[in-house]
Structures are given as structure tokens and as C-alpha cells.
Amino acid sequence: QLQLVESGGGLVQPGGSLRLSCAASDITLENYNIGWFRQAPGKEREGVSCISSDGGTTTYADSVKGRFTISRDNRKNVVYLQLNSLVPEDTAVYYCAVDRGCSYYNSAFYYLDEPILGSWGQGTQVTVSS
């Protein structure tokens with residue numbers, strides 16, 4: 001099964017920003033809903049945000065609404081997650097995955113055991129610390 005490739009993580013101070021990217025060379029991402037997930041040490045992997053295949057629908061977990069923005073450039077075959085106003089609680093490994101839909105992310109918590117297509121990638125580490 002394929003793995004999506006996450007990048008863009010790093011160390012940032014509280015209030016800072018990062019832009020994460022999700023890419024794949026062996027599938028056309030525009031055909032799929034893409035969700036971003038994150039997993040902090042000792043915690044479940046939770047849904048963060050999702051964008052529909054055509055970009056017409058975007059959803060966010062309650063904890064990140066107003067701070068994160070998901071977008072996609074289907075011509076480049078990449079999905080982005082812009083992280084703004086970062087706080088230490090955002091520290092986690094961030095993953096992207098193909099999902100069946102996006103409505104589930106608009107909640108306090110959502111989890112996905114396995115991507116609908118392929119498997120979990122290695123993720124990208126986001127660390128928010130002063």
C-alpha cells in the first residue's frame with residue numbers, strides 16, 4: 001500500500017507558524033478527501049482538519065478552529081496545513097491520510113484507525129516550545 005509523505009514540521013516558539021505539506025507521487029490526491037491527524041506522546045491519534053477532493057469543503061477540530069487552515073493545490077498534487085498561533089498543546093507528530101469524508105473532523109475528537117487508502121506515513125514532528 002502507498003504512503004503519503006508529510007513534511008514541513010519543526011521547532012517553533014509559541015505564537016509562531018508552520019506550513020505542513022502532504023504529497024504523493026503514485027496517486028492523484030485530487031481524487032480523494034485528505035485529512036490531517038496528529039498524535040502527541042501518550043495520546044490517541046486525533047483528527048485535526050480535512051479537505052474534500054475538490055477543496056469545496058474544509059473542516060477543523062474544535063481545538064484548532066481559527067488557527068489552522070487547510071488547503072490544496074491539485075495541480076501540484078499537494079495538500080497543505082497552515083498552522084498559526086501555535087501553542088505547546090499543538091506539539092505532536094502530524095500525519096495525513098485519505099479519508100471517506102470530512103464531516104467527522106468538525107467535532108471535539110475524531111480518530112481513524114487506518115487510512116482508507118494506503119497506510120500511515122512517518123509523519124512530521126511539530127514542536128512548540130519556548
### Accessible area of the chain belonging to carbon and sulfur atoms, whole % at 1.4 Å probe
44 percent
### Task
Please identify the cysteines of the chain that lack any partner cysteine with a Cβ under 4.7 Å from their own Cβ.
none
### Message
Positive end of the dipole of the chain, charges at C-beta (+1 Lys, Arg; -1 Asp, Glu), about the Cα centre: which of Asn106, Trp36, Ser17 has its Cα farthest in that direction?
### Response
Ser17
### Message
If the only charges are +1 at each Lys and Arg Cβ and -1 at each Asp and Glu Cβ, what is the size of the charge dipole of the stretch 9-130 around the Cα centre, to the nearest 20 debye?
### Response
300 debye
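The values are calculated or read from the model by the stated rules, or taken from the named source; none is laboratory data. In this text, all values refer to a predicted model and were calculated from it rather than measured experimentally. In this analysis, Cβ positions are derived from the backbone assuming ideal geometry, glycine residues included, and neighbour counts consider all displayed protein chains. Heads up: the accessible areas ignore ligands, DNA and RNA and are worked out on the full protein's heavy atoms, side chains in. Shrake-Rupley method; radii C 1.70, N 1.55, O 1.52, S 1.80 Å.
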